[in-house]
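Undergrad: Got a structure for you, written out below as structure tokens; questions coming shortly.
The values are calculated or read from the model by the stated rules, or taken from the named source; none is laboratory data. This structure is a prediction, so every number in the text was calculated from the model and none was measured. Glycine gets a Cβ as well: all are built from the backbone with ideal geometry, and neighbour counts include every protein chain shown. Accessible surface is based on the protein model in full, side chains and every heavy atom, while ligands, DNA and RNA are left aside. Shrake-Rupley method; radii C 1.70, N 1.55, O 1.52, S 1.80 Å.
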Amino acid sequence: MSELLTNRIRGHAAKLGLTHLAETVETTLARAEAEQWGYLQLLDCVLDEEVAVREGRRFRNALNLSGLPHRKTLEEFDFAFQPDLDPRKIRDLAGLAFVEDKSNVVFLGPPGVGKTMLAVALAVAACQAGYSIYYTTLDDLIRQLTIAEAAGRYPKKLQTYLRPAVLVLDEVGYLPLTRTQANMVFQLISRRYELGSTIITSNKSFAEWGQVLGDDVLATAILDRLLHHCHAIAINGPSYRLKDRALLTAGGPPMP
């Protein structure tokens, strides 16, 4: 193919925003000629690679804006360390039917058992599938909404947590809330009810949420909406952090 025609294709691709094609037109055409591709195969390859590049870019940008504390996937979770946890149930959730159904997921258990990692892994899977995601701890959510309310921007800030298809609300139960703060949580859960999926991690059983929220009536109202369409998973195994600490201690100098 003449250099003039190659440059023309490159120029048109650049104008159309097909950046990958503009950068690889020569190598793609050389491969097509070497492997004797037909017209349809060449066109399919060009479009497939362009979509893959754009999807990869979207995925990276979405993760950067999601607020996730890390990007670990389900493949990195050590199910062998939590033998009471059913891997099939978690992998079924990773199929993302719960997102399609706008159902919720709640991970319950003591600190360090992997609740946050599983919540993040499900969020990463959802992001990879094209769903919008956002992560926040309950403490940061309350702080941000309180600041916004004082500045007269509460409704706009609340949209930050209402908009995503999947919201991860981490560390529910670590700090008690005032009635005003608990009402913010109620508004969030109530507004997301059957409109989006919320993944929650908590170190408290549902029976203890009244103490955490400082109001049994509000806690009941929140749980009523949260649990109507929900997958609740209790993890009662050992702590990953204590395991890592034990390994470090075993491999290090004797303790005094």
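Residues are listed down the side, and each one gets a yes or a no for (1) open to solvent by less than 30 Å² (accessible area, probe 1.4 Å); (2) free of Cβ contacts under 8 Å to residues at least 12 places away in the same chain:
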site: GLU3; (1), (2): no, yes
site: VAL25; (1), (2): yes, no
site: GLY67; (1), (2): no, no
site: HIS70; (1), (2): no, no
site: THR73; (1), (2): no, no
site: PRO87; (1), (2): no, yes
site: LEU108; (1), (2): yes, no
site: GLY112; (1), (2): yes, no
site: THR116; (1), (2): no, no
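Undergrad: Taking the range 147-190 only, how many residues are outside any helix (DSSP H, G or I) and either in contact with a strand residue (DSSP E or B) (Cβ under 8 Å, 6 or more places away or on another chain) or closer than 13 Å to THR136 by Cβ (or both)?
TA: Result for the range 147-190: 11.
Undergrad: Still on this structure, I have one more. Which pairs do you get when a residue that is closer than 12 Å to THR198 by Cβ and free of Cβ contacts under 8 Å to residues at least 60 places away in the same chain, found in the range 216-238, comes within reach of a residue that is in a helix (DSSP H, G or I) and hydrophobic (A, V, I, L, M, F, W, C), reach meaning Cβ atoms under 6 angstrom, with the pair 6+ apart or on two chains?
TA: ILE222/PHE186; ILE222/ILE189; ARG225/ILE189
Undergrad: Select from the range 118-130 the residues that are open to solvent by 10 Å² or more (accessible area, probe 1.4 Å) and at negative phi and list them in ascending order. Let's see the steps before the verdict.
TA: If we filter the range 118-130 for residues that are open to solvent by 10 Å² or more (accessible area, probe 1.4 Å), which is where we start, we get 125, 128-130.
Result: ALA125, GLN128, ALA129.
Undergrad: Return the only residue of ILE147, ILE189 being open to solvent by less than 60 Å² (accessible area, probe 1.4 Å) and touching a helix residue (DSSP H, G or I) at 6+ places or on another chain (Cβ under 9 Å).
TA: Result: ILE189 is the single residue among ILE147, ILE189 that is open to solvent by less than 60 Å² (accessible area, probe 1.4 Å) and touching a helix residue (DSSP H, G or I) at 6+ places or on another chain (Cβ under 9 Å).
Undergrad: Identify all residues within the range 53-106 that are modelled with pLDDT of 95 or more, part of a helix (DSSP H, G or I) and small (Gly, Ala, Ser); write none if there are none.
TA: Correct list: ALA97 only.
Undergrad: Sticking with this structure for a sec: Pick from ALA219, ALA207: which is assigned to a helix (DSSP H, G or I), modelled with pLDDT of 90 or more and open to solvent by less than 60 Å² (accessible area, probe 1.4 Å)?
TA: Of ALA219, ALA207, the one residue that is assigned to a helix (DSSP H, G or I), modelled with pLDDT of 90 or more and open to solvent by less than 60 Å² (accessible area, probe 1.4 Å) is ALA219.
Undergrad: Test of understanding: among LEU138, LEU122, LEU162, which residue is in contact with a helix residue (DSSP H, G or I) (Cβ under 9 Å, 6 or more places away or on another chain), in contact (Cβ under 8 Å) with a residue 12 or more places away in the chain and more than 30 Å from ASP78 (Cα to Cα)?
TA: Matching residue, one of LEU138, LEU122, LEU162: LEU162.
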